Amino acid sequence: MSNTFPLVTRQPHDHIAYLTQPIEALGLNCGVIDTNQFVAHVYRVAESLPAGKHAINLCENRYLFLVGFCAAIQRGDVNLLPPNKNTATQKELSEDYAGCYIIHDGSDIMDGIPAIDILSIPLASDGHSQHSVPMIADDQLACISFTSGSTGKSKPNHKYWHTLHRSSAINYEFMVPDSPSTVYQLATMPAQHMWGLETSVLLAMFSDICMSDAKPLFPQDILAVLDKLPEPRMLVSTPVHLRALHASVETVEPLLSVLCATSPLTIELAKEIEDAFSAPLREVYGCSEVGSMAVRRTATENSWLKFSGIHFGQQANTTTVTAEHLPEATELQDVIEFQEQNRFVLAGRASDLVKIAGKRGSLFTINQTLLRYKGLEDGFVFYPQDANQVTRLVAIVALKEGVQKADLLAFLKQHLDSAFVPRPVYVVDALPREPNGKLLRKNIDALHASLRKPRN
């Protein structure tokens, strides 16, 4: 017989969510949602779910996502966390997983799949009713996330209940070591992605984090939501969002801390964000298959501190990760160089090494150099997959207003070996990043193809 663990470990009157604006359709006012109200909402939604076993959760509002996520688990269903909200993705999931239904809050949905709009369920009517917290079997499959692949279908990653609650406890210990009490958290990335799920959803269920319902994207919107939250406050984001935030605002109110992940973060940006928010910035290392594994204060240290319970094994340049709460060993794509106990540095990826003009270089290091340029909004250096006779790297960049491509090239020539200075450099308005801040190689290749001049 399997062990069980509560759906949520917060006390009845703990603040689990903060609504930054009223949800009028549900009769919910702006302000705090406590654990009692949350559990009542979960039961109410669980009673209203369509028949099926796989829930495709498309909710944009982070609190409604949380309620739908937990309602499916309470009923014994599996949450499917799509990499995007496209109807084509919905169709693909419904074909791959039997008994699919959709939970949404006004999203565009595919015809032919049973769906429930949470905004149609009267949650406020029994919001203060007393319900016992459901107990969930440790071996229950709670959700399936999907690693965005460069081509073909995304890879499914199965997350069991014991993995979610155990990893969340570890994450809280290392991500929020300075928590004095309930911390009011704003996250800028979708809850459907693992970085968003781990930080903005699971931490609210299992630790003293009160999640904001909002998902702002633009700098002024981020600041506006932060201003609505009680103190102490923390921001969870990505380097792309932080770079735009720093470029667009001059003065901000202090925070308790900032968390960042999903793409490389430069020392320079880390220092600028720490100065702007008068708060430590912790960068988190992880992958979709495993989750978060390590943390560092990027402004002050180069090495990563490994989380407790995470074990690395290494043979040649291959590193595997194991942990008691993980269902299986996972091989990492990154090259890891171990230092003293529990610390390591990243040396790029095995696939990142390129040879140009007889010289070997790391795309990871080259991209880190590019990101240091002050006039850069965003950018990426890569080796074209259809290179054939091409022996040069290519860069696609978005530049700040008034910055010329020649200025960027001058900087790169100063800091890179001439063999690794990208040629050509294409300037675009924005890079095709996913909602979680990542760049998929297939999108870069498609953009590159559209930018190349046709050959005569």
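Derivation of every value follows stated rules applied to the coordinates shown; laboratory data play no part. These numbers were taken from a predicted model, which means no experiment stands behind them. With ideal geometry, Cβ positions are generated from the backbone for all residues, glycine too; neighbour counts draw on all protein chains shown.
Here are a few things to note about the model shown:
- Cα principal axis extents for region 102-241, largest first, Å: 46, 45, 34
- Helix content alone sets the calculated 222 nm mean residue ellipticity of the chain: runs of n ≥ 4 DSSP H residues at -39500 (n - 2.57) each, divided across all residues, give -8000 deg cm²/dmol.
- Potential lengthening between K271 and S2 on full extension [0.36 nm per residue; Cα-Cα distance subtracted]: 92.1 nm
- Taking 0.36 nm per residue of separation and subtracting the Cα-Cα distance, full extension of the segment from K442 to D417 would add 6.2 nm.
- On the basis of the beta-carbon distance and an R0 of 51 Å, Q404 and L119 show a calculated FRET efficiency of 0.60.
- DSSP-assigned coil residues among GluC sites (Glu not before Pro) in region 185-285, each with at most 14 further Cβ atoms within 10 Å: E250
- Considering only the chain, percent of DSSP beta bridges that pair antiparallel, nearest 5: 60
- Gyration tensor over alpha-carbon atoms, region 18-170, equivalent ellipsoid semi-axes in Å: 25, 19, 14
- Inter-probe distance in nm under a simple model that places probes 7 Å from Cα toward Cβ, at E95 and L353: 3.9
- Most positive-pole-ward Cα, I118, C260, A55, against dipole of region 4-307 from beta carbon charges: A55
- All lysines inside 25 Å of K53 as judged from Cα atoms, apart from same-chain residues fewer than 8 positions distant: K85, K91, K153, K155, K159
- Extending 7 Å from the Cα toward the beta-carbon at both F312 and S450 defines two label points whose distance is 3.8 nm.
- For region 291-375: rounded, prolate or oblate by the Cα gyration tensor [a/c cutoff 1.5]: oblate
- By the equivalent-ellipsoid construction on the alpha carbon gyration tensor, region 357-451 comes out with semi-axes of 19, 18, 12 Å, ordered largest to smallest.
- Charge-dipole axis of the chain as Lys and Arg at +1 and Asp and Glu at -1 on Cβ define it, positive-most pick from H104, P190, H15: P190
- As a calculated quantity, the FRET efficiency between Q368 and A430 at R0 = 25 Å, using C-beta atoms, amounts to about 0.75.
- Over region 4-307, equivalent-ellipsoid semi-axes from the Cα gyration tensor in Å: 30, 22, 19
- Taking region 1-23 and a reference point 7 angstrom along Cα→Cβ of T322, no backbone N atom is nearer than 13 Å.
- Using 0.36 nm per residue and subtracting the Cα-Cα separation, the extra length available between T9 and S303 on full extension is 102.5 nm.
- Packing here is the average count of other Cβ atoms within 10 Å per residue, and on that basis the peptides 33-46, 329-342, highest first, run 33-46, 329-342.
- Using only side-chain charges placed at the Cβ, +1 for Lys and Arg and -1 for Asp and Glu, the dipole size of region 4-307 relative to its Cα centre rounds to 580 debye.
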